[in-house]
Each structure stands twice: as structure tokens, then as C-alpha cells.
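The values are calculated or read from the model by the stated rules, or taken from the named source; none is laboratory data. Owing to the predicted nature of the structure, the values given are computational and were not obtained by experimental measurement. When we count neighbours, we look across all protein chains shown, and the Cβ atoms used for this are built from the backbone with ideal geometry, even at glycine. The protein model used for the area step is the full one, side chains on, heavy atoms only, and it has no ligands, DNA or RNA in it. Shrake-Rupley method; radii C 1.70, N 1.55, O 1.52, S 1.80 Å.
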Amino acid sequence: MAAAGQQGVRGEWTTFLSVLLIVGLLAAWALVPVQVMEQSLQAERNQMAAWGGEAADRWIMSRAAGWMDGVVQEAVEQTEKLGGSAMERWLAGRIYASVLWAALVAYRVSSLAVWGLLGLPLILAASVDGFYVREIRKHAFTAQSPIRHKIGVHFMSWSGLLLLVWLIVPVPMPLIVAPAVICLMALSVWMWLANLQKRI
């Protein structure tokens, strides 16, 4: 009965946070100026060029541009259909802001792919190490910690949420967020696997 109550509370919080996220995204789409979107994309590019060089920035931008071709063409077609009224000018500005936002997300996804080349081996190594730590503890007088296991599960959930926020938030973000989240995922997976119960 208590478990059902906890599941209900957890489901209510998930629904509340999801609605809050959707409302926040709609408010950002309607209110964030185009200049902020442009500055965000340029800031991301400058950070990547400073960290990885101009070649890394060009490679990431070429991948993002490849994904954006159809979006840009559709946006141009829709904007050309609009007239000159104040509402239609505002809508044209929002379409342009949407294209910039999509370009920012595509750029971040492409840069995440670059970080993933470094982060995936780290996560795999943490998974294997956690598994073998658990296997060693099975044959030793060491008990797995359910608290650490739960912390690992929560860290994994929070790191996924943080990664999602980093991908979609339309303001400049530090470049260190992506590798930090990947390291947090590796730590989470290790804690999760190393502290699994001996018998499930």
C-alpha cells in the first residue's frame, strides 16, 4: 500500500515537471529575442573553436547544417507566405527564432556526438568495473549498499535530465556541461552496478 502511494506521488511529480517544462519551452519560444538565439549559437561555436580548434567547429557545424537543410527550406517557404501586418511580422520573427533554436540544438547534438567518442569508452569501462566489483563482493563478506544503489539510479536519472536541459535550453551554456554529464553518467552506472543486490 505504501509502495502504491509512493508511485502515485512520483507520478504526480513527473506530470507536474513535464507540464512545467512544456510551458517553459512555449514561453521561451514566444518571448526569447532572436538576438539571444544568435548569440547563443555563436557562443557555442566560439567555445568549441577555443577548445577543439576551428576544424572541430567546422565539422560539427557541417553535421548540424546537414540536418537543418529541410527545416530552413520549410521556414523560408512559410515566411514568404506571410504578409506585412504586425502579427505576421511577429510570427516571421518567431519562425526565424525557431530555426535558430533548432540549429542550436542540432549543433549541441553534434558536439555531444564528439564528446561521446571519448565518453562512451569511459561509460563502458565503468560498467564493466562495476559488474566485476559486484561479482567480487558476491564471494566476499561485503554487502552491497542499497543506499548507494539508489543514489546511482537517481544520479543516472538526473544526469539524463541535465543532458536534456543542456540540449534544449536556448541560452549560452558552458561547454564543460557535456563532458561533466558524461562523467556523471559513468559514475552513476558504476554505483548502480557495483551495488546491485546479490540475488534479484
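Worth a mention:
- Reported label for calculated Cα extents along the principal axes in Å given (i) 53, 51, 38; (ii) 65, 43, 29; (iii) 76, 49, 24: (iii)
- The residues neighbouring residue 52, those whose beta-carbon lies less than 13 Å from its own, together hold a net charge of -1 under the Lys/Arg +1, Asp/Glu -1 convention.
- Extension gain for residue 34-residue 136 works out to 31.1 nm (0.36 nm per residue, less the C-alpha to C-alpha distance).
- Segment 83-132 and segment 160-177: distance between their alpha carbon centers, rounded to Å: 8 Å
- Extending 7 Å from the Cα toward the beta-carbon at both residue 109 and residue 96 defines two label points whose distance is 2.5 nm.
- If you plug the beta carbon distance of residue 129 and residue 56 into 1/(1 + (r/R0)^6) with R0 = 22 Å, you get a FRET efficiency near 0.15.
- Accessible area of segment 26-166 divided out per residue, in Å², using a probe of 1.4 angstrom: 61 Å²
- Signed unit charges on C-beta, dipole axis of segment 34-195, positive-most listed residue 139, 178, 188: 139
- Fluctuation leader among 104, 118, 82 - the chain, Gaussian network, Cα springs under 10 angstrom: 82
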